[in-house]
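The values are calculated or read from the model by the stated rules, or taken from the named source; none is laboratory data. What you see is a predicted model; the values in this text were computed from it and never measured. Cβ atoms come from the backbone with ideal geometry, glycine included; neighbour counts cover every protein chain shown. Side chains included, ligands, DNA and RNA excluded: accessible areas come from the protein's heavy atoms. Shrake-Rupley method; radii C 1.70, N 1.55, O 1.52, S 1.80 Å.
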Amino acid sequence: MVFFTPMAVPLEGAAEATALTARIPASIIDALQADREEQLHQLDDRGGSCRPADWEAIDAEVYRLRFQWNAATAPHWLDRLCQPVVPSTEATVDGALVRLAMVQKPFLLPDQGIYGSRLRLIGVQLISVEPNEQEHRFEQMAELFQRPMAGQSPGEQMLRAQFVASFL
């Protein structure tokens, strides 16, 4: 299941080349927690210890969520018109507004008896970035999302296409 922030959320601190932290409303966290419990229900029977969730409560209404990635799992970055964009340091400063698309997957480390869930950021829409006339148009970007990438399953390809469509 793909989770989206329906409204723009602020970044906490500047986004880095392989990480970002955002402040997420409790309503999104409630949906993530319900999905997490459903996913972990099957792993609870195996025993071991469960790692805590990826989010941290700031107060009753806001949570901190930190994402990290590498070059192979980097999220797709879009401007507010859903055009591909390279994130600039000016656009990803503390307090910048973004919309996020993420998936949650369970994991099990059987040799260590550890299980849990991990959030993966699949897309970031920069709300404060103006589109550049030289950027690709939507049709070109949609084609990029539909191209298979090395090591990517058909499900991940579909998630990429859903991410694009969600911003239309």
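Enumerate the strands (runs of 3 or more DSSP E) found wholly within the range 1-99, keeping only those where 2 or more residues are closer than 18 Å to residue 123 by Cα and either of a type in the set (Lys, Arg) or open to solvent by 90 Å² or more (accessible area, probe 1.4 Å) (or both). Steps first, please.
Numbers: elements: 2-4, 19-25, 55-57, 62-68, 76-78.
In the range 1-99, the matching strands (runs of 3 or more DSSP E) lie at 62-68.
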For the range 100-109, indicate whether the set of residues that are in contact (Cβ under 8 Å) with a residue 40 or more places away in the chain, part of a strand (DSSP E or B), closer than 21 Å to residue 16 by Cα and open to solvent by 30 Å² or more (accessible area, probe 1.4 Å) is non-empty.
-> no
Identify the single condition in (1) open to solvent by 30 Å² or more (accessible area, probe 1.4 Å); (2) within 18 Å of the chain's Cα centre (by Cα); (3) modelled with pLDDT of 65 or more that residue 166 does not satisfy, given that it satisfies every other one.
-> (3)
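Each row is one residue, and each column tells you yes or no for (1) under 18 Å from residue 1 (Cα atoms); (2) of a type outside the set (D, E, K, R); (3) under 13 Å from the mean Cα position of the chain (by Cα).
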{"residue": "22", "(1), (2), (3)": "no, yes, yes"}
{"residue": "32", "(1), (2), (3)": "yes, yes, yes"}
{"residue": "53", "(1), (2), (3)": "yes, yes, no"}
{"residue": "60", "(1), (2), (3)": "no, yes, no"}
{"residue": "85", "(1), (2), (3)": "no, yes, no"}
{"residue": "97", "(1), (2), (3)": "no, yes, no"}
{"residue": "101", "(1), (2), (3)": "yes, yes, yes"}
{"residue": "122", "(1), (2), (3)": "yes, yes, yes"}
